[in-house]
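Notes for the one structure printed next.
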Amino acid sequence: MVKEHNILISSVGGQGGITLSRVIANAAMIQGLNIRVGETLGMAQRGGAVQSHVRLGEDAHGSIIPSGGADVLLALEPSEAARVSKYLGSQTRVIINTAPTYPIPVMLGQAAYPSLDEITGALEAIGCEIFVVDASRIARETEAPRSLNIAVLGAYMALSEAVLTEDTVKESLRKTLPARYLEQNLRAYEGGRQALAI
Amino acid sequence: MLDEEGSHKLLMGNEAVARGAIEAGVHVAVGYPGTPSTEVIETLSRYAEQAGMHVEWAVNEKVAFDIGAGVSYGGARCLVTMKSAGLNVASDSIVSVAYGDLVGGLVIYVADDPGLHAGMEEEDSRVFAALSLLPMLDVSDSQESKDAVVKAFEYSEQHSVPVIVRSTSRVAHGKSPVETGPIQKVPRKPHLARDISVFTRASPVWCKQQHTRLIEKTKALVPSVETDFNRLKMKKGQRHGVVASGVSWNYLMDALSRHGVDVATLKIGSVNPLPVNQLRELIGQVDRLLAVEELEPYIELRIKAMVADTDRKVKVLGKQDGTLPSVGEYDYDLVEEAVLKLTGGEKRCDDELAARQAEASSLAPRRSLPFCPGCPHRGSYIALNQAIKELGYKQDEVIVTGDIGCTILGMHPPFNSCWNEVSMGASIGVTIGLKQAGVENPVVATIGDSTFFHAGMPPAVNAAWGDTPVVIAVLDNEITGMTGHQPNPASGYNALRKPVPRIKIEEILGAAGIKKIKVVDPFDLEESKEAFKEALQHDGPSAIVLRRMCALVARRQRLTGPPSHVDGEKCTGCLHCVRTLSCPAMEIREGKMEINQNTCEGCGLCAQICPFQAIEGGDQ
């Protein structure tokens, strides 16, 4: 029985962070786990920072993860991993997609954007274990250009301590996502899984 | 959504409210979109036909509630939905209907936004329970959201009074498991009997009687709410107690299970009436009591009043002694700290970890909200700014009032157009006031189509009536955009996506008495700029309707043009386009602008402003 497993998904609007949380939560539902999902909608389509808290297990009551309490962070964009550091601790395993989405002031040289090394360094200082994945490239190479979120899910499932089973996650992919994109998503999932498979 | 009794579903709070309406056999559901309440009507509109329910969007919350009152008087059950700001709009009617009787059950669902995830004010609608004297339930997860709606209809019919179900962003947009109940078939009743002593407020004698009865109706609910929505868990000898409501209850449960703290708890699920017997029992035993509730100290003050009525000394911790804040949303950490303060425990603080977390988060760049690629409002604001400039004004010499919705994003760089934001429709009234105050330069109101229908029509009449020289710019993207594309009278279809005739804003403005009106395409910068220049120089009220479908809707309907292209030979890398338009489809590679072919909607604005004609696009 799962007591408490806290998954935080951090993304930029349009990357599919909310969809990823739906896939994970539905998989947990199929597995019969207690679930709390905390997210705020509204900015999801508009390029803002988007966070989804997915809490699984009997001891999950509130829909927001206690600070320092994330077991896993799935960051669909590198700087978005840094943004949610409040929720990270020495037990957190972090999967970071390496492809940045630059805000316009950064493109114009009016604001700074951290290097991947700066980000991973800062997270390592917290004690997190970091797994870097070029999910955007995996999505392109598996001909699933909009599925970087599912590639990150595949990478998460390659971690040996994933709470969800492969079968329920695949069933959730079938139930949650439009049927016409299922093949693409399964390819992206497999690509992500292999990227972190030992 | 139509599953039979006993199935287990993972539902968003708002979806659970929709399921509650289906279980309660609601005949009509009506609302105005407003984050975080919108998904109730959206969900119901998808199942309306199967569920045999009539579902519609109203033009504003007052109209929605008036329709709800009519449904009730007509003998049927009605759910009315809105966000907290919408409750203000509907309040005139709600306070009045509260005094009379009902026929069919009438439930108002209102969602507040502590933490300001959707912007606007952190208004605490619970205070409206005290103002309107209406019963109000306060929910903390999806199961409670569904159950509260079903019960609220029972209460409403038993006591002939509207009942409010109040939620907050974290509950309304959070997801948790729901066990479904039976779907009731509720027969319609005969409509109201004519009785003006109950259904009008016309006489002070009647009104006093109605007022007295309203107080009695709500008070009569105490035994029901104490069984249905409030839970007291207290053992003999417990000296510490916690009272919690809404989403905070869940954080309290997290804190108690993590720390194994031994305290009495009272879960408050009804704001009005409060579970006064359970509160009295709790106050009669504990010495220290913590009140955990987001926003205003609503329950805390009532507890203090009740303590004052006893001869016991009970220390009440909450907002007034600074244990918890009134601003922002609560989370686990705030509640944990408050609980430990109550019990004399010490919160284990790892300052070094906190410093490292803060250092890491400081690396993240700010992400402001730009207009979407292909958004017609981008063209509208560029045209307005160009017109102001070409007439010889500086941008800070022409006041442009903003309004609610996507159009307000014109306040951000690089547009810097809007000067203020008040409430739905206020942009127009404020410009009239600016003129009456003696502002000599032209003033411009910018307002979206849905906002115009909501509360922009009366001030447009006012501008015409007073012959006040204001420019009303309606940025008509034919949809209610910010809340996720709900139809409005400009859309040409209704909540069920059935085609209906479009209501043209220029015809309303003309009927309102505004003589100078122009309809333009905001993707045509020259045409839009000229229209603004004419209007800005006009000595009476004028209006421009800038009409072009929302890019996200157009994309879904495959109506957007082919993506634009940059000619790398001609592009000098001046980045005038990026600076002027701030379009998310633009990328900079090796000093030159490139257009993301997946996200560009081909609006052609960049092609129109490029000083070197290096961009091709806009052929739609």
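Please compute the contact order of chain A in relative form: average sequence separation of alpha-carbon pairs under 8 Å and at least six residues apart, divided by the residue count, as a percent.
That works out to 22 percent.
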Practice problem: At most 13 other Cβ atoms within 10 Å and a DSSP loop assignment: could you name the chymotrypsin sites (Phe, Trp or Tyr not before Pro) in the stretch A:122-198 that fit? | Solution: none
Quiz item: How much accessible area per residue does the stretch B:229-349 have, in Å², with a 1.4 Å probe?
Solution: 42 Å²
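Can you pull a Stokes-Einstein diffusion coefficient for the stretch A:128-198 at 37 °C (0.692 mPa s), Rh from Kirkwood over Cα pairs, as a whole number of µm²/s? Display every interim value, and only then the final one.
Working: Rh = 12.0 Å.
The estimated diffusion coefficient comes to 275 µm²/s.
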Quiz item: Shape call for the protein assembly as shown from the C-alpha gyration tensor, a ≥ b ≥ c root eigenvalues: rounded (a/c under 1.5), prolate (a/b greater than b/c) or oblate?
Solution: oblate
Exercise. Let me have the relative contact order for the stretch B:301-402, percent, based on Cα pairs under 8 Å that are six or more residues apart.
Key: 9 percent
Quiz prompt | Note, ³J(HN,Hα) from phi for the stretch B:563-579, Karplus 6.51, -1.76, 1.60, rounded to Hz, x at Gly and Pro | solution = x, 7, 10, 9, 7, x, 5, 7, 5, 8, x, 6, 6, 4, 5, 5, 5
Practice problem: Anything losing 20 Å² or more of accessible area from the isolated chain to the full protein assembly: pick those residues out of the stretch A:95-112, probe 1.4 Å, ligands and DNA/RNA ignored. | Solution: A:PRO103, A:ILE104, A:MET107, A:LEU108
Quiz prompt | aspartates and glutamates with Cα under 14 Å of B:LYS504, excluding same-chain neighbours fewer than 8 positions away | solution = B:ASP449, B:ASP476, B:GLU478
Exercise. Could you tell me the largest-minus-smallest coordinate of the C-alpha atoms of the stretch B:145-225 on each of the three principal axes, in descending order and whole angstroms?
Key: 49, 29, 25
Practice problem: Taking a cut-off of 23 Å between Cα atoms, list the lysines near A:LYS175, but don't count ones fewer than 8 places away on the same chain. | Solution: B:LYS9, B:LYS175
Quiz item: What is the mean number of Cβ atoms from other protein chains located within 10 Å of the Cβ atom of each residue in peptide B:168-175, rounded to a whole number?
Solution: 6
Quiz item: Listed here are the pairs B:LYS151/B:LYS219; A:LYS3/B:LYS341; B:LYS62/B:LYS185; which of them are more than 18 Å apart at the Cα?
Solution: A:LYS3/B:LYS341; B:LYS62/B:LYS185
Quiz item: Which net charge results when you count Lys and Arg as +1 and Asp and Glu as -1 among the other residues whose beta-carbon is under 14 Å from that of B:ALA76?
Solution: +2
Quiz item: Amide H neighbours of B:GLU294 under 5 Å, counting only residues 5+ apart in sequence or on other chains, H built in-plane at 1.01 Å?
Solution: B:SER248
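What does the net charge come to around B:ASP521 if you take all other residues with beta carbon closer than 9 Å to its beta carbon, with K and R at +1 and D and E at -1? Can you show the working numbers first?
Working: positive: B:ARG547, B:ARG548; negative: B:ASP524, B:GLU527.
Summing Lys/Arg as +1 and Asp/Glu as -1 gives 0.
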Exercise. Quick one: grab the alpha carbon gyration tensor of the stretch B:565-616, order the square roots of its eigenvalues as a ≥ b ≥ c, and give me rounded if a/c is under 1.5, else prolate or oblate depending on whether a/b is larger than b/c.
Key: rounded
Exercise. Please check chain A for the longest run free of trypsin sites (Lys or Arg not before Pro) that are loop-located per DSSP (anything but H, G, I, E, B) and have at most 16 other Cβ atoms within 10 Å.
Key: A:4-145
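Please report the buried accessible area for the interface of A with B, total over both chains, probe 1.4 Å, in Å² to the nearest 100.
Looking at A and B, the buried total is near 4500 Å².
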Quiz item: Which value in deg cm²/dmol, rounded to the nearest 500, describes the helix-derived mean residue ellipticity at 222 nm for chain B, given -39,500 (n - 2.57) per DSSP H run of n ≥ 4 and division by the residue count?
Solution: -11500 deg cm²/dmol
Practice problem: Express in nm, to one decimal, how much length is gained between A:ALA162 and A:GLU118 on full extension, taking 0.36 nm for each residue of separation and deducting their alpha carbon distance. | Solution: 13.1 nm
Quiz item: Looking at the stretch B:342-362, which residues lose a minimum of 30 Å² of accessible area between their chain alone and all protein chains in place, measuring with a 1.4 Å probe and not counting ligands or nucleic acids?
Solution: B:LEU353, B:ARG356, B:GLN357, B:ALA360, B:SER361
Exercise. Determine the calculated [θ] at 222 nm for chain A from helices alone, applying -39500 (n - 2.57) to every DSSP H run no shorter than 4 residues and normalising by the residue count; nearest 500 deg cm²/dmol.
Key: -11500 deg cm²/dmol
Exercise. Would you mind classifying the stretch B:229-349 by shape? Square roots of the alpha carbon gyration tensor eigenvalues, ordered a ≥ b ≥ c; an a/c under 1.5 is rounded, otherwise it is prolate if a/b is larger than b/c and oblate if not.
Key: rounded
Quiz prompt | Heavy-atom surface of chain A, accessible at 1.4 Å and reported per residue (Å²) | solution = 37 Å²
Practice problem: For the stretch A:9-39, list whatever residues lose no less than 50 Å² of accessible surface once every protein chain is in place, relative to that chain by itself, with the probe at 1.4 Å. | Solution: A:MET29, A:ARG36, A:VAL37, A:GLU39
Quiz item: Heavy-atom accessible area per residue, the stretch B:8-220, 1.4 Å probe: how many Å²?
Solution: 33 Å²
Quiz item: Put +1 on the Cβ of every Lys and Arg and -1 on every Asp and Glu Cβ in the stretch B:563-619; which of B:GLY591, B:GLY602, B:GLY568 then has its Cα farthest towards the positive end of the dipole?
Solution: B:GLY591
Quiz item: Of all accessible surface on the stretch B:292-409 at a 1.4 Å probe, what whole percent is carbon and sulfur?
Solution: 49 percent
Quiz item: If amide H atoms are built 1.01 Å from N in the plane of the peptide, which residues on other chains or at least 5 residues away come under 5 Å of the amide H of B:ILE517?
Solution: B:ALA543
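Other chains' Cβ within 10 Å of B:586-592 residues: what's the mean?
Going residue by residue through B:586-592 and averaging, the value is 2.
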Quiz item: Any idea what the relative contact order of chain B is, in percent, if you count C-alpha pairs under 8 Å spaced at least 6 apart?
Solution: 11 percent
Quiz item: About the Cα centre of chain B, what is the dipole size in debye to 20, counting +1 per Lys and Arg Cβ and -1 per Asp and Glu Cβ, all else neutral?
Solution: 1300 debye
Self-check item: Within the accessible area of the stretch A:5-196 (1.4 Å probe), percent carbon and sulfur
Solution: 46 percent
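The values are calculated or read from the model by the stated rules, or taken from the named source; none is laboratory data. Being a predicted model, the structure only gives us computed values, none of them experimental. Neighbour counts run over all protein chains shown; Cβ positions are idealised from the backbone, glycine included. Accessible surface areas use protein heavy atoms only, side chains included; no ligands, DNA or RNA. Shrake-Rupley method; radii C 1.70, N 1.55, O 1.52, S 1.80 Å.
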